[in-house]
Every structure is written in structure tokens, then in C-alpha cells.
Amino acid sequence: MNILNFKLVILLILLASMVSSCDEFKDSNDYSAEEIDKNLSGSWSISQVTRNGSDITNAMDFKAFSITFNTDKTYKIENYLPFLVKENGTWNIDDPQYPSQLIFKENGAPTANISSFEYIINKGERQIILSFAPGCHSNVYTYVLERVAN
């Protein structure tokens, strides 16, 4: 037996012993990977606005606007400006754990208005991003909302 074959046999024996000596990984932590429901409750103000991709945040005073999402699924708008709804009403999301749409229904309105919805964390702060076309469908607004500190 030459030296090359001997090294190959030793290598195969070592490899077989390493594979057979490994234990299956067992995680001792008992945790749930389930996503929690999104909490929108509280007052939110606008931090950025784009129309058709162009930033128009400085075009008018968007800071006066606020929307409050209550835990009973009602909302209240303060200082209206171009938004998906004008009147107070009820809100809901299409999926409490993985929402992609925020649904607004004005008090007394026959139908609901729907906005695309993102619930993100940016620089350690929770943000809501809504995209919608109020009235003219060729103008798409994107509002970035930040929770108002109490």
C-alpha cells in the first residue's frame, strides 16, 4: 500500500467518525415564531408625502394633519388635506399579522376606501406607509406617517 492510499484511508476513517459522532441540534429555548398582530392605535402625523414619486412634503403644511386610530377600530381625522377619506369612520386591515391593505369606511358611506399599507421600522421608529389615488387615478400619493409621541 503506497503512502497516498494510506492517507486516503485515514482521511475516510476520520471523516466517517466525525459524521457519526455529531448529535442532532436541539434548541433548548421554547419560543414561538408567530408574528404578532400590528398595533396601529394612537395618533399619527405625516412626515413625508410623494405624488407620483416626486417628494412634495415641503409644498404645503402637512404637519397639521393627524389621524388617530382607536382600538375600537374607529379613526378620527384632524385638519383634513388630500387623503383617502374626508370624514371620520372605521378602519381595518386585511390581515392582522401580515397586512398589505388598510381599509377606511367613512361614517355613512356605502363603500370602503382601500390603501396599500406597509408597517415598518425606520431608524428605530414605527412608520405607516400608505399609497392611494384620491379622485384622479393618475395621481398616486404616498404618505409616510409617524406615531405622535404622547
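Nothing in this text is a laboratory measurement; each read-out follows from the coordinates by a stated rule. Bear in mind that the values here come from a model prediction, so they are computed numbers and not experimental data. No Cβ is skipped: glycine too gets one built from the backbone with ideal geometry, and neighbour counts run over all protein chains shown.
Near I114, once Lys and Arg are set to +1 and Asp and Glu to -1 for all other residues with Cβ below 11 Å from its Cβ, the sum equals 0. Each Cα pair under 8 Å and six or more residues apart adds its sequence gap; the mean of these over the residue count of region 85-134 is a relative contact order of 26 percent. The count of lysine pairs in the chain whose Cα atoms are under 26 Å apart, excluding pairs fewer than 8 places apart on the same chain, comes to 16.
For the Cα atoms of the chain, what angle does the longest principal axis make with the long axis of helix 3-21, in degrees from 0 to 90, nearest 10? So the helix axis and the longest Cα principal axis differ by about 50 degrees. Could you tally the net charge around Y141, taking each other residue with its Cβ under 13 Å from the Cβ of Y141, Lys/Arg +1 and Asp/Glu -1? Here the charged neighbours net out to 0. Remark on I93: its backbone amide H falls under 5 Å from those of I103, a criterion applied only to residues 5 or more positions apart or on other chains, H modelled at 1.01 Å from N. Springs between Cα atoms under 10 Å define the GNM used for the chain, and in it the highest mean-square fluctuation of T74, T111, T90 occurs at T111.
Under a GNM of the chain (C-alpha, springs under 10 Å), which listed residue has the highest mean-square fluctuation: A59, A112, A133? Taking springs between Cα atoms under 10 Å, the residue moving most is A59. Its Cα centre serving as origin, the chain has a Cβ charge dipole (Lys and Arg +1, Asp and Glu -1) of approximately 400 debye.
The GNM of the chain, with springs linking C-alpha atoms under 10 angstrom apart, assigns the highest mean-square fluctuation among S138, S116, S66 to S138. The value of relative contact order for the chain, using C-alpha pairs under 8 Å at least six residues apart, is 20 percent. Net charge of the neighbourhood of G124, taken over other residues with C-beta under 14 Å away and scored Lys/Arg +1, Asp/Glu -1, is +1.
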